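Everything on this sheet refers to the single structure shown next.
Nothing in this text is a laboratory measurement; each read-out follows from the coordinates by a stated rule. All of these numbers come straight from a predicted model, not from anything done at the bench. Here Cβ is always computed from backbone atoms with ideal geometry, including for glycine, and neighbour counts include all displayed protein chains.
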Amino acid sequence: MALKVKQLFKRLEWLGVAISNSYAQVFFSDNKGFGIALLLVTFIDVFVGLSGFLAVSSALIAAKILGFEESLIRKGFYGFNALLVGVGLGIYFEPSFILFFLIFLSGILSVLLSVTLEGVLGKYGLPFLSLPFILIFWMFRLAARLFADLGLSERGVYVLNELYTLGGKPLIEFYEWVQYLGIPDSIRSYFLSLGAIFFQQTLLAGIVAALGLLIYSRIAFTLSLLGFYIGYLFYSVLGIPFSEVSFSYIGFNYILTAIALGGFFIIPSRNSYLQLLLVIPLAVLMTVSLQQILDSFFLPVHSFPFNLVTLITLYALKFRVDNRAGLSTIFWQQNTPEKNLYSFTNFMRRFGKNSSIPIYLPFFGEWTVTQGHNGEYTHKDDWRHAWDFEIKDEEGRTYRNEGDYPSDYYCFDKNILAPAKGVVEKVVNDVEDNVIGTRNLEDNWGNTVIIKHGEFLYSKLSHLKKNSIPVKPGDSVEKGQVIGKCGNSGNSPYPHLHFQIQASPYIGSNTLDYPISDVLVRYKGKESLQSISNPPKDAFVSSLTPHPEMKKAFSFVVGETIRLKTFENEEVWEVKRDYFLNKYLYCEKTNSKAYFKVDDLMLHFTHFEGKRKSILYLFYLSAYKISFGFTPGLKLNDTFPINQIFNPRSIFLQDFLAPFHEYLRAEYELNYPESNRGFSNKALSLKGNIQKSSFGKNMESSRFEFIIDAAGLRSFEFERGSQNIKAVCESE
Amino acid sequence: MTMNKLTFERPIIQRINAGLPSKYGMPRHLEPLSHIDGVSIESLLQEFGSPLFILSEQTIRKTYREAYRAFSSRYPKVQFSWSYKTNYLNAVCNIFHQEGAWAEVVSGFEFQKALANGVPGELILFNGPDKSTEDLRIAIQHQSLIHIDHFDELYEIIHLSKEMEERPKVAIRVNLDTGIYPLWDRFGFNFENGEAWDAINRIMTSQKLDLVGLHTHIGTYMLSTDAYRIAATKLASLAVKLERKYGHILQYIDMGGGFASKNTLKGAYYPGTDTAPSFDDFAEAITSALMTSDIKPDHLPMLILETGRALIDDAGYLAGTVLATKRLSDGRRATILDAGVNLLFTSFWYDHDVRPVAPISDQSEDTTIFGPLCMNIDVIRSNMMFPLLKKGDRFVVRRVGAYNMTQWMQFITFRPAVILLDKEGNSHVIRKRENLETLNSQELIPDHLQKFDL
């Protein structure tokens, strides 16, 4: 019996999650506590609460039965519009059987409308926000005039009665105490506005919502105040007559707009905050004018201005050619502004933009950048994102003897390789190599190979040696395949390789600002392995060759399982791939996921979801950045998104400041052994540490060690304070 | 006012060589060499005595990097291994180890030397036909890479592997016809007659050894790069065959050494500086053969090179003093130096580049250059156009870094000091001049021979 109940609970687990998320989604959140708090708030009026709950449940069950994407149902995407409709109907009409039936219908309709709008707006990469709710609610308001059996409700007018039935005298007293707190008018209006989002007219509802918002996101909370007050002040400045209560019916538009554009769909930053000074007044103008139109239909504007302003702004931002305004739109929604911000800044720091297809160095050995991006000779204007490479000796010379002949130059006649897998698009192979010091401006690019690596992603290798190119258009090439030899053809007074990335397959196309992956850079006396690199002039660059045992240990293949055994514990991880082709390690026992990306030379963990008590979490921290090739004593450094390291309580204050300054840091360091092991069976030990700091002061250090041999990863150890975990690894 | 007295120049009779250059070329003026890396040779001789071996650290490192660059800019995995026999002075070895080279040894003694220098056992390649059972045992224990020379050695290793815990890491040395003469077929297993393939099969079926590589060493002082291309192609074909039959992927191909230095061989028409191929030439031949072979791109083995001579020859100098001059019976001039074949073993096959240290005279005379030994064969150069040095004048021999400091003889006289000039031009004694004590310390006299009366 107990087992059956347990099974039933398990089967209905999705519904519980989806319902709480549907409530939280009203504020863009997926925080369970926030969702439940909002749910309770709607039950200040039991009947209203029931209406909302009924609408949400019918919507979610309908979505499930119709077979929509389960993860979206769980997130509450198809529930929050139904909730708003349900609550709204519950407030406006007297309870009756027919009303419940209408609420049930509206729930189903809101799913259909949500999916429809998702399809239409999704094509433009836009969210459907609360448009389904507005359309349905307007529809009901228009239709209800003819429904004779539906009586308009007078509840809400008699709040005290409602509360008395709900919580007796103590609740009344609490309510009275709250109502008559000495709160300034504007703050009262702010709370009322928050409550009005889901038709609540009590201060209590607003306060609970505000607290929930604060707990869910510090940035969203700050933005809600900012949006509200900009709107409030603009009303005063324009001299529009309003009362605090009437303002609250439209004030939430500015709150929601501020959260959406200041931090939820745009990465929170100083600029995203500043833009609100323009956007909110625009929203005010739009609200006032829409009111004039809708009044003639006896319809409220409700959240329509918020929807319009947000969609117009997000859509317009998509057509920018660069991000000089510093407003970065989100590309991976993690449902809180903080998470979005921390992972975005961390991602930009680690991988930059446009690096989904790794492009590697197109040669063997160590070369020098003799002209980088925005170079002083020819890398200008449309061709500014290019590199020239040559080989230098210890004295910094690029040639031996007098340098009178191309063959005196170290780089001349060296193999040039395909920088990544692709298809050869274009080949020029018949331009004479120049006499040293002369240039051929007629065939500016000389002998050239252009390779297509993906849509709008081509690499171009120029000034190659005459008749040295063994490939022809249409050939597919593997990364590292020889595609020619370094020469001195075209606009090239002495032998060098010109390398650029471009978006079209033509010789002479303008260049793309696209980084080179996994480059060992020696620059100004410092050596560093850069996951993405734009090496500057005079940098020495080379690639590392992967060690087979490192690849075996860390190049996870989808389908593989890894078993980690500690003294008292065991975890089994599966390598999986999700709907969006992101790869991750999945630990079923702890329901944790560690997302990673892996290329030919490196492994990077990008994100963790789940239990921080799991071994998988410690592994995610320790294998955060690993290169499969290494030189003796190589050191890798990286930084974590702080929300993945610090616990939520300790970053509470940081969250407020995060759009402007990060004072918390979490740094990663990995050290490779100093000595070479040749081909021996000796195990390889990789040691590293993780440092947490606040204002540059060290707060906590952890140490870790991997032992690797020819069979792959053998063991993993993690030590933090008195905690020491040692796990033996097996992979199958 | 006093006039400086002109230095005395002994009179000579010389045929006038004016007019068009003959087929022997223009009359050659031998440029003196007074400084090495900016340090005066005269001052070094005064400080450390004559004769004196001088090594330039700067040249060693520069040459190594040039060689490494030539290969690493053409091939993804390149490893040099310092050939101990070429010059096993510890300081020299350590320069190469600092630059990243592993160690290549051909005897138990060299193996011990490499270990004592701190080279990890697994980075030592053990070559040569002379490996005792004890040597092999130690090499297996150290996980060193044993390059098997013959079947007797192979059987011995298989035998040892049965009683030892460690799995021996082995490669076989392959000799092959690369179209050059003489064919070095006394080392390793022959490729053409199938012995090499046979040896590979025995290793694979024994299941006791890890076959990690293939090794060849096609000759010495090679002036043809094509021979290397052929050798690399043949080794690559073995690697492909091995992978096809056993699914076994080789970790390395060792192309040995034998690259020519810029010394001139006796009897060569052109000087070595003009004929010796560059590192780039050798590298191009070897790497292009491997890259175009049928080995799968992601299974390309590491390329190991054991070149010794070409890396160190240029960095070594032998400086000394003229002991005497005399005229021979046929009228030729003879100059007697304080360094002979006891120190310059290589003078048996090179026409060494001997130079005066100080500018002496524009005139030169057909001269035989003798060493100090009481042996008729002690000839450094049998005839060369040499200026008119006299007793006490200093000379220097260029390009003597390879083999001389390992093959030198303690004969009749002591072996001299060896100094190293570092990057800043500071001199360091890296081997002391021998003295009576050095030699006597190794000798024992039986009691009945302790005393004598004369």
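Working out 0.36 nm times the residue gap between A:LEU72 and A:MET699, then minus their Cα-Cα distance, what length gain in nm do you get to one decimal?
Gain on extension, A:LEU72 to A:MET699, equals 221.8 nm.
Averaged over its residues, how many other protein chain Cβ atoms are within 10 Å of peptide B:64-73's Cβ atoms?
4
So for the protein assembly as shown, taking the charge dipole from beta-carbon charges (+1 Lys/Arg, -1 Asp/Glu), which of B:GLN407, B:TRP82, A:SER296 sits furthest toward the positive end?
Checked the options; the winner is A:SER296.
Ranked highest first by average number of other Cβ atoms within 10 Å, how do B:429-435, A:450-456 line up?
Details: B:429-435: 14.4, A:450-456: 17.6.
Going from most to least packed, we get A:450-456, B:429-435.
Using only Cα atoms, tell me the angle between helix A:2-24 and the longest principal axis of chain A; keep it within 0 to 90° and round to the nearest 10.
The angle comes out near 90 degrees.
For a quick check of your reading of the filter: which chymotrypsin sites (Phe, Trp or Tyr not before Pro) in the range A:651-681 sit in a DSSP loop and have no more than 16 other Cβ atoms within 10 Å?
Sites meeting the loop and neighbour criteria: A:PHE660, A:TYR663.
Enter the Cα centre distance for the pair the range A:97-136 and the range A:264-287, rounded to the nearest angstrom.
Going from one Cα centre to the other spans 26 Å.
What number comes out for the charge environment of A:GLN502, summing +1 per Lys or Arg and -1 per Asp or Glu over other residues with Cβ under 15 Å away?
With Lys, Arg at +1 and Asp, Glu at -1, the neighbours total -1.
Please work out the Cα convex hull volume for the range A:56-111 and give it in Å³ per residue. Mind showing how you got there, number by number?
On the way: hull volume 3.3 nm³, N = 56.
Dividing the Cα hull volume of the range A:56-111 by its residue count gives 58 Å³.
What trypsin sites (Lys or Arg not before Pro) does the range B:123-195 have in DSSP loop regions with at most 16 other beta carbons within 10 Å?
Answer in residue order: B:ARG186.
Under the definition of Cα pairs under 8 Å and six or more residues apart, what whole-number percent is the relative contact order of the range A:548-731? Mind showing how you got there, number by number?
Details: 382 pairs, mean separation 35.9, N = 184.
Contact order relative to length: 20 percent.
Between A:SER675 and B:ILE377, what FRET efficiency follows from the Cβ-Cβ distance if R0 is 56 Å, with the result rounded to 0.05?
With a Förster radius of 56 Å, E is 0.75.
For the range A:474-548 and the range A:1-65, write down the distance between their C-alpha centroids in whole Å.
Between the Cα centres of the range A:474-548 and the range A:1-65 lies a distance of 54 Å.
Estimate the FRET efficiency between A:SER246 and A:TRP332 by the formula 1/(1 + (r/R0)^6), using the beta-carbon distance for r and 25 Å for R0, to the nearest 0.05.
Calculated value: 0.05.
By counting other Cβ atoms within 10 Å of each Cβ, how are A:SER509, A:SER543, A:SER701 ranked from fewest to most?
A:SER701, A:SER509, A:SER543
Too long at a 22 Å Cα-Cα cut-off: which of A:LYS75/A:LYS593; B:LYS262/B:LYS326; A:LYS32/A:LYS611?
Numbers: A:LYS75/A:LYS593 17 Å; B:LYS262/B:LYS326 31 Å; A:LYS32/A:LYS611 16 Å.
Going by Cα-Cα distance, B:LYS262/B:LYS326 fall outside the 22 Å limit.
For the pairs A:LYS479/B:LYS77; A:LYS682/B:LYS169; A:LYS589/A:LYS625, flag any whose C-alpha to C-alpha distance is greater than 19 Å. List each step's numbers first, then the result.
Numbers: A:LYS479/B:LYS77 16 Å; A:LYS682/B:LYS169 12 Å; A:LYS589/A:LYS625 25 Å.
Those over the limit are A:LYS589/A:LYS625.
Calculate the mean, over all residues of peptide B:142-150, of how many other protein chain Cβ atoms lie within 10 angstrom of the residue's Cβ. Spell out each step's value before the answer.
Details: counts 1, 6, 2, 3, 0, 0, 0, 0, 0.
Counting other chains' Cβ atoms within 10 Å and averaging over B:142-150 gives 1.
No solvent, one uniform scatterer per C-alpha: report log10 I(q)/I(0) for the range A:271-381 via the Debye equation at q = 0.12, 0.18, 0.23 1/Å, two decimals.
-0.71, -1.11, -1.34
Based on the Cβ-Cβ distance of A:LYS613 and B:TYR155, what FRET efficiency does E = 1/(1 + (r/R0)^6) give at R0 = 45 Å, to the nearest 0.05?
Given R0 = 45 Å and the Cβ-Cβ separation, E is 0.20.
Pull out a ≥ b ≥ c, the square roots of the eigenvalues of the alpha-carbon gyration tensor of the protein assembly as shown, then state rounded if a/c is under 1.5, prolate if not and a/b is larger than b/c, and oblate in the remaining case.
Here the protein assembly as shown falls in the prolate category.
Given axes a ≥ b ≥ c from the Cα gyration tensor, I'd like to know whether the range B:54-197 is rounded (a/c under 1.5), prolate (a/b larger than b/c) or oblate.
oblate
Among DSSP bridges having both ends in the protein assembly as shown, what percentage is antiparallel? Round to the nearest 5. Before the final figure, lay out each step's value.
Values: 144 of 183 bridges.
The antiparallel fraction comes to roughly 80 percent.
Roughly how many Å is it from the Cα centre of the range B:361-377 to that of the range A:611-661, as a whole number?
Measuring centre to centre over Cα atoms gives 74 Å.
Suppose each label sits 7 Å from its Cα in the direction of the beta carbon; what would the A:VAL120-B:ARG244 distance come out to in nanometres?
A separation of 6.6 nm, rounded to one decimal place.
Spin-label point model (7 Å from Cα, Cβ direction): what's the B:ARG327 to A:PHE567 distance in nm?
That separation, rounded to one decimal, is 9.6 nm.
Count neighbours as other Cβ atoms within 10 Å of each site's Cβ, and list the chymotrypsin sites (Phe, Trp or Tyr not before Pro) in the range A:60-125 that are DSSP loop with at most 10 such neighbours.
Hits after loop and neighbour filter: A:TYR124.
Starting from the Cα-Cα distance between A:PHE456 and A:VAL46, subtract it from 0.36 nm times their residue separation and give me the gain in nm to one decimal.
On the way: separation 410, 0.36 × 410 = 147.60 nm, distance 5.73 nm.
Fully extending the segment from A:PHE456 to A:VAL46 adds 141.9 nm.
Where does helix B:90-99 land angle-wise versus the long Cα axis of chain B, in degrees 0 to 90, nearest 10?
60 degrees
Taking the highest mean first, how do the peptides A:688-695, B:359-366 order by number of other beta carbon atoms within 10 angstrom per residue? Numbers along the way, then the final one.
Working: A:688-695: 16.8, B:359-366: 15.0.
Result, highest mean Cβ count within 10 Å first: A:688-695, B:359-366.
With the crude spin-label approximation of a point 7 Å out along Cα→Cβ, what separation in nm comes out for A:ASN647 versus B:ASP447?
About 8.5 nm separates the two model spin labels.
I need the shape label for chain B. Rule: rounded when a/c is under 1.5, else prolate if a/b > b/c, else oblate, with a, b, c from the alpha carbon gyration tensor. Kindly include the intermediate steps, with their values, before the conclusion.
Working: a/c = 2.30, a/b = 1.64, b/c = 1.41.
Prolate is the answer for chain B, as a/c is 1.5 or above and a/b outweighs b/c.
If we count other beta carbons within 10 Å of each Cβ, what is the order of A:MET602, B:MET164, fewest first?
With the sparsest Cβ surroundings first, the list reads B:MET164, A:MET602.
Based only on other Cβ atoms within 10 Å, what is the fewest-to-most ordering of A:TRP14, B:TRP408?
So the ranking, lowest neighbour count to highest, is A:TRP14, B:TRP408.
Could you grab the relative contact order for chain A? Cα pairs under 8 Å, six or more apart, rounded to a whole percent.
8 percent
Let me have the relative contact order for the range A:376-469, percent, based on Cα pairs under 8 Å that are six or more residues apart.
Answer for the range A:376-469 is 21 percent.
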